[in-house]
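One structure below.
The values are calculated or read from the model by the stated rules, or taken from the named source; none is laboratory data. Here the structure is a predicted model, which is why all the values come from computation and not from measurement. Counting neighbours? That spans all protein chains shown, and the Cβs are built from the backbone with ideal geometry, glycine included. For accessibility, only protein heavy atoms count, side chains too; no ligands or nucleic acids. Shrake-Rupley method; radii C 1.70, N 1.55, O 1.52, S 1.80 Å.
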Amino acid sequence: MERTVFSPYQLKVINLMAHVHSEEQMAEISNLLSRYFAEKAMDELDKLWDEGKINDQVIEDWKHEHMRTPYK
């Protein structure tokens, strides 16, 4: 059986979760984490926009892009 090895950061989160005692608290934490990662993603998109790596045309192209796995 393989052993799971957690990083110090993962262990810290696990230890903090010991203080969650209700579904409401868990929902709040989930919401906070979702907003945090959404903000990070938006920051990276803004950076790509400012660097000229994406623009309106690229975003328009994404609307029509099909990235499905081709099956025979």
The residue that is farthest from residue 13 (Cα to Cα), considering only those in segment 29-72 that are polar (S, T, N, Q) and surrounded by 10 or more Cβ atoms within 10 Å (Cβ to Cβ), is 55
Wholly inside the chain, helices (runs of 4 or more DSSP H) that include 2 or more residues that are under 17 Å from the mean Cα position of the chain (by Cα) are 8-17, 23-50
Over segment 1-15, the set of residues of a type in the set (A, V, I, L, M) and open to solvent by less than 100 Å² (accessible area, probe 1.4 Å) is 11, 13, 14
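Across segment 16-28, what is the number of residues that are loosely packed, with under 10 Cβ neighbours inside 10 Å and not charged (D, E, K, R)?
Taking segment 16-28 as the starting set, the residues that turn out to be loosely packed, with under 10 Cβ neighbours inside 10 Å are 18-19, 21-24.
Imposing the further condition that a residue be not charged (D, E, K, R) reduces the set to 18-19, 21-22.
Within segment 16-28, residues that are loosely packed, with under 10 Cβ neighbours inside 10 Å and not charged (D, E, K, R) number 4.
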